[in-house]
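The values are calculated or read from the model by the stated rules, or taken from the named source; none is laboratory data. In this text the structure is predicted, and so the values were computed from the model without any measurement. Glycine gets a Cβ as well: all are built from the backbone with ideal geometry, and neighbour counts include every protein chain shown. Only protein heavy atoms, including side chains, enter the accessible area calculation; ligands, DNA and RNA are left aside. Shrake-Rupley method; radii C 1.70, N 1.55, O 1.52, S 1.80 Å.
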Amino acid sequence: MPRTTHTLDETNPVDEHTIVVHNLIPTSTLRRIRALLDYEFPPKSEYSLSRVPTFAAWDDEWAPTALALTTSPVIIRVIGTLTSVHHSATEGELPTLRFELELLRTVDHEGMTRLLRKSQPRPKLKHPRAVRALLTSAFQSNLCAQVFNHVYDATKRLRPTNALASIGLSMLSIGDIVLTTCFCLQRPHSRGWAVQFEPISVYQLAVVSRDVDGF
């Protein structure tokens, strides 16, 4: 995938907050994405990867066990470039969405790594800065009753879902920049549990031309 390093001030050296995206993403879109990356809204326990409080802990009052603050599950905002996407809508079954995001900044990789290391046993991450975000709606919990049959068009502006047009799952393509809000859950296995991310809402922030080589 063709990529380039974008910074809003080219005089500054590349650092952990430097955004790396496809080289066709315009600067105006990059500025909008930059404004969305570092976010926190404590009243709703909603945080971007870079802002999740270190004291967030597993709460087994939820099924499955969820990462929470006091009595509320943490809602995590993840932004990245779509590297894989699969959706299915088999007759008689709930539609499912499974996708993977390449995170945009080193600080986001570090935030995701901190969450993945909450697994038991703790995973061996050889290259933490290369870790990606894998989300699936197939792992249904009692936290999210939403059936995934569309995503939201936020290519102009991110607004509440009831003020955005919806698009079909098939409109998501490799190379798009996507924002998703999700829960961080435990997925039990024979030796303990893995960390699982269950999407709540999915927004398409930017689209790379489908005519670009490599897509």
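Being farther than 17 Å from LEU37 by Cβ, modelled with pLDDT under 85, touching an Asp or Glu at 6+ places or on another chain (Cβ under 8 Å) and assigned to a strand (DSSP E or B) is the requirement here; does LEU134 meet it?
Criteria met by LEU134.
Would segment 56-73 turn up any residue that is closer than 26 Å to ILE167 by Cβ and open to solvent by less than 80 Å² (accessible area, probe 1.4 Å)? Before you say what the answer is, go through the steps one by one.
First, pick out the residues of segment 56-73 that are closer than 26 Å to ILE167 by Cβ: none.
The answer is no; no qualifying residue exists.
Any residue at all in segment 156-165 that is at pLDDT 90 or above, small (Gly, Ala, Ser) and either farther than 25 Å from TYR47 by Cβ or open to solvent by 50 Å² or more (accessible area, probe 1.4 Å) (or both)?
Yes.
Provide a single number: the residues in segment 184-199 that are basic (Lys, Arg) and within 18 Å of the chain's Cα centre (by Cα). Spell out how you get there, then give the answer.
Our first condition is that a residue be basic (Lys, Arg); within segment 184-199, this holds for 187, 191.
Still in the running and within 18 Å of the chain's Cα centre (by Cα): 187.
Counting residues in segment 184-199 that are basic (Lys, Arg) and within 18 Å of the chain's Cα centre (by Cα) gives 1.
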